[in-house]
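Note sheet for the following structure.
The values are calculated or read from the model by the stated rules, or taken from the named source; none is laboratory data. What you are looking at is a predicted structure, and each value in this text was computed from that prediction instead of being measured. Here the Cβ positions follow ideal geometry from the backbone for every residue, glycine too, while neighbour counts run over all protein chains shown.
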Amino acid sequence: MTVVPSRIEQLNRTWGDPPGLWGFLTTVDHKRIAGRYIVTALFLMLLAGLLALDMRWQLSVPDNTRMGPQLYNESFSLHGSTMLFLVSVPIMEAMAFWIVPLMLGTHNMAFPRLGAFSFWLYFGGVLTLWLAHAIGITPDLGWFEYPPLSGPAYSPGHRADVWAQMITFTEVAALAASVNVAATILKMRPPGMTLAKMPVFLWAMLIASLMTILSMPAVMLVTSMLISDRLVSTQFFAVASGGDPLLFQHLFWFFGHPEVYIIFVPATGFVSSIIETFARRPLLGHSVVVLSIMAIGALAFGLWVHHMFAVGLPRLGNNFYTAASMAISLPAGLQIFCWIATIWSGRVRFATPMLWMIGFLATFVLGGLSGVMTASAALDLQLTDTYFVVAHLHYVLVGGAIFPLFGAFCYWYPKATGRMMSERWGKVAFALIVGGFNLGFFPMHILGLLGMPRRIYTYPAGLGWEGLNQVATAGSVIAVIGALVFAGNAFASYWRGELSGSNPWQAPTLEWACPAPPPPPNFAFAPQVSSLTPLWDRPGELEVVTGSVLARREVLITSVAEARPLYWQKSAGPSIWPLISAIAVSAMFVGSIFTPWAIAIGLLPIAASLTGWFWPVRPRASDGPLGAGS
């Protein structure tokens, strides 16, 4: 694919951002937006990890008075809310923002300004929670604030309101991001990439986005109901007035359990891409893995009641959800068998990203086994609200999502920066994090079986918990040291790492065909594909599509099923309106913590900002007719 330098220079001018602060505030480049998401989420992960380490330190010895119950509750609530709502889902969406357009060979997301808006609104949620912590109104009722404890009678002040509105921030942002990702994958695939030839990563991100669109409205609804109970005295959850606290649990967990898979499903895309590359062979059972992801996405919406086995629901209902909870392990098991078979039949190179996949397989299987155990209603009655559940949750979320995320970070780091991370320090970080994690969380299974309840800030001596808690604390310290080594390796490699070239891993998918780091337009021409592994099947030159206008931002729109070229669509350029709109929405959300009038008043600036956003712009004469070739 011979590229004329003048074409690249013209595309860089067309797709580049304005210089300086104005460019920073107005950019709609998917790579810059994704980078902000990722940096913010990783920083929050570090803060939440330090909170967890502080709580572990508190529990390392009995009768510890270093933290009181109020401070412990605040730390626990802040840790859980940050990790579940501000880190796990947003960082998976951020990886989709960065990788999906590159893997599709296109210039940007389907709705560039919506992508910028989603980040700024997400950042507003981050500031809402952590500034509330800074001024002393930290939520203190856990990460799923059940009524009636979170109702006005038992939780005066604004701590519960801060938590509820933080949920609204992040879920609106997640919905915006998910619509963007789904539309990009369905309508902007390169010619030849039919649904059957989509990489597993794209399938995973598409299904996770659809799951988000279907599940997030439930949690937004239930937190809005909680706020209205607290601010305007509705009675959704007040038993004395005909309300039902269990309604909160049903609506919350209708979102809460699919959320686990919204986090895990993108990780299956990371795992499939990395194992395929480092096994140096196409993924064995591509269709099986895709169908398994679909099955997980469907079954995930039928499991929420297994979080409620202890609330007194009918036994027949419990039996149904026990069966459904165990059934979802079948498609997950099929995926694992396909990954193991690919490794077994390939010529494996054990670089750092591949080591993270091995760590994922071992850890996630352990978490899945404990999940099958707690899926049994009879056993769950004994284990719920003990440290066994804490261990299971972290094995599934950290082992099933964070370990693949670390591997994906190492894998795509050369493409993002143009430099390689240190393999030596990468393996040291891997050993410390995986070893420390298992040393820290495996003993919690035994603590749960010994009867240690979760959410306690101290415990008396003589119960047989002291030694296991000390081992768990030591493991947590080791894991945090490993995370610091990982971060240090990333920062040092950015400045001093070995130059990577465009495809250092000899990977097969399209994102490795563009320069590293990618220029503003990503690709000079829209590529065409004819297989699942285009860079392996056509290692020299890719076929391309011509016909776009160089002086105007345009993206190629294709048909949903067969990816047939349809037309060139104008793509939005830099704009300040997504930021202004996010500020207007954030002001309304924060104001509604204190007064319901903020909703009525806040609609005016939101309407004004959206008017500016969608105000038509007269096309320039130099743009030429839509679809003209160049």
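Points to keep in mind about this one:
- Residues that are buried (at least 24 other Cβ atoms within 10 Å of the Cβ) and not in a helix (DSSP H, G or I), drawn from segment 64-109: Gly105, Thr106, His107, Asn108, Met109
- Matching residues in segment 444-463 - criterion: being under 21 Å from Leu366 (Cα atoms) and among the small types (Gly, Ala, Ser): Gly448, Gly451
- Members of segment 159-217 found to be crowded, with 24+ Cβ neighbours inside 10 Å and among the aromatic types (Phe, Trp, Tyr), listed by number: Trp163, Phe169, Phe201
- Qualifying residue in segment 517-525 (condition: crowded, with 19+ Cβ neighbours inside 10 Å, of a type in the set (A, V, I, L, M, F, W, C), outside any loop (DSSP other than H, G, I, E, B) and at pLDDT 90 or above): no
- Any chance Tyr411 is among the hydroxyl-bearing types (Ser, Thr, Tyr) and either within 30 Å of Phe491 (Cα to Cα) or under 29 Å from the mean Cα position of the chain (by Cα) (or both): yes
Residue-wise test of (1) within 22 Å of Tyr37 (Cβ to Cβ); (2) in a helix (DSSP H, G or I); (3) of a type in the set (Val, Ile, Thr).
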{"residue": "Pro190", "(1), (2), (3)": "no, no, no"}
{"residue": "Met193", "(1), (2), (3)": "no, no, no"}
{"residue": "Ser209", "(1), (2), (3)": "yes, yes, no"}
{"residue": "Ile213", "(1), (2), (3)": "yes, yes, yes"}
{"residue": "Ala218", "(1), (2), (3)": "no, yes, no"}
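- Residue match in segment 430-446 (condition: closer than 30 Å to Arg280 by Cβ and of a type in the set (S, T, N, Q)): yes
- Residues being within 30 Å of Lys197 (Cβ to Cβ) and assigned to a loop (DSSP other than H, G, I, E, B) - total across segment 558-578: 8
- Qualifying residue in segment 139-150 (condition: farther than 19 Å from Met225 by Cβ, at pLDDT 95 or above and surrounded by fewer than 24 Cβ atoms within 10 Å (Cβ to Cβ)): no
- Members of segment 536-560 found to be among the aliphatic types (A, V, I, L, M), surrounded by fewer than 20 Cβ atoms within 10 Å (Cβ to Cβ) and at pLDDT 90 or above, listed by number: Ile557, Val560
- Tally, over segment 403-420, of residues that are in contact with a helix residue (DSSP H, G or I) (Cβ under 6 Å, 6 or more places away or on another chain) and under 14 Å from Leu361 (Cα atoms): 4
- Considered as a group, the residues in segment 396-417 that are of a type outside the set (A, V, I, L, M, F, W, C) and in contact with a Ser or Thr (Cβ under 6 Å, 6 or more places away or on another chain) include one that is surrounded by the fewest Cβ atoms within 10 Å (Cβ to Cβ), and that residue is Pro414.
- Every residue from segment 326-345 that is touching a residue at least 24 places away in the same chain (Cβ under 8 Å) and of a type in the set (Val, Ile, Thr): Ile328, Ile336, Thr342, Ile343
- Residue identified as more than 22 Å from the chain's Cα centre (by Cα), surrounded by 21 or more Cβ atoms within 10 Å (Cβ to Cβ), at pLDDT 95 or above and in a helix (DSSP H, G or I) among Gly488, Gly440, Gly435: Gly440
- Criterion (more than 23 Å from the chain's Cα centre (by Cα), of a type outside the set (D, E, K, R) and modelled with pLDDT under 95) met by exactly one of Ala474, Ala377: Ala377
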